[in-house]
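Some notes on the structure that comes next.
The values are calculated or read from the model by the stated rules, or taken from the named source; none is laboratory data. What you see is a predicted model; the values in this text were computed from it and never measured. So basically every Cβ, Gly included, is an ideal-geometry build from the backbone, and we count neighbours across all protein chains shown. Accessible surface is based on the protein model in full, side chains and every heavy atom, while ligands, DNA and RNA are left aside. Shrake-Rupley method; radii C 1.70, N 1.55, O 1.52, S 1.80 Å.
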Amino acid sequence: QVQLVESGGGLVQPGGSLRLSCAASRTIVGFYTMGWYRQAPGKERELVAAITSRGSTDLADSVKGRFTISRDNAKNTVYLQMNNLKPEDTAVYYCNADLKPLQYWGKGTLVTVSS
């Protein structure tokens, strides 16, 4: 059983920045792949960014050059730095932990990008 708690969402203007945090209740960050997903109204949930146990990262094409995923293994926390935000980034952002064959999800944090 793993609990994931996201924080850092909110309302931001286009071009602004936010940093999301995902705190895990168990020592998993650094040992398993962690990811950020998002789901916009009326759309399917999509992978935004992931970081493997080795530290390799992957970003969706739509956020490359703007978002960065990182982690602090000691704090058991994963971050998503979001820069140059666009209205299309508006979504509920979910933290995911892949403990194959089990996956865990946070409850999500809402990011709204609007002028």
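Roughly how many Å is it from the Cα centre of the stretch 6-66 to that of the stretch 72-99, as a whole number?
3 Å
On full extension of the chain, what length is gained from Ala40 through Lys100, given 0.36 nm per residue of separation minus the C-alpha to C-alpha distance?
That pair, Ala40 and Lys100, stretches by 19.0 nm at full extension.
How large is the dipole of the stretch 55-106 about the Cα centre if only Lys and Arg carry +1 and Asp and Glu carry -1, each at its Cβ, rounded to the nearest 20 debye? Mind dumping the intermediate values first?
Values: 6 positive and 6 negative charges, 26 e Å.
Dipole of the stretch 55-106, to the nearest 20 debye: 120 debye.
Spin-label point model (7 Å from Cα, Cβ direction): what's the Ser56 to Lys75 distance in nm?
Between Ser56 and Lys75, the simple spin-label model gives 2.6 nm.
Just name one of Tyr104, Gly8, Asn73: the one whose Cα is farthest towards the positive end of the charge dipole of the chain (beta-carbon charges, Lys/Arg +1, Asp/Glu -1).
Final value for the positive-end residue is Asn73.
Among the GluC sites (Glu not before Pro) within the stretch 1-101, which fall in a DSSP loop and have no more than 12 other Cβ atoms within 10 Å of their own Cβ?
On the way: sites: Glu6, Glu44, Glu46, Glu88; in loops: Glu44.
Qualifying residues, ordered by number: Glu44.
Using the basic label-point model (7 angstrom from Cα toward the beta carbon), what is the Thr27 to Gln13 distance in nanometres?
Inter-label distance under the simple model: 4.5 nm.
So what does Thr27 come to for accessible area, using a 1.4 Å probe and Å² rounded to 10?
100 Å²
Taking all protein chains together and a probe of 1.4 Å, list Lys64, Lys100 from the most accessible to the least accessible.
Numbers: Lys64 115, Lys100 160 Å².
Correct descending sequence by accessible area is Lys100, Lys64.
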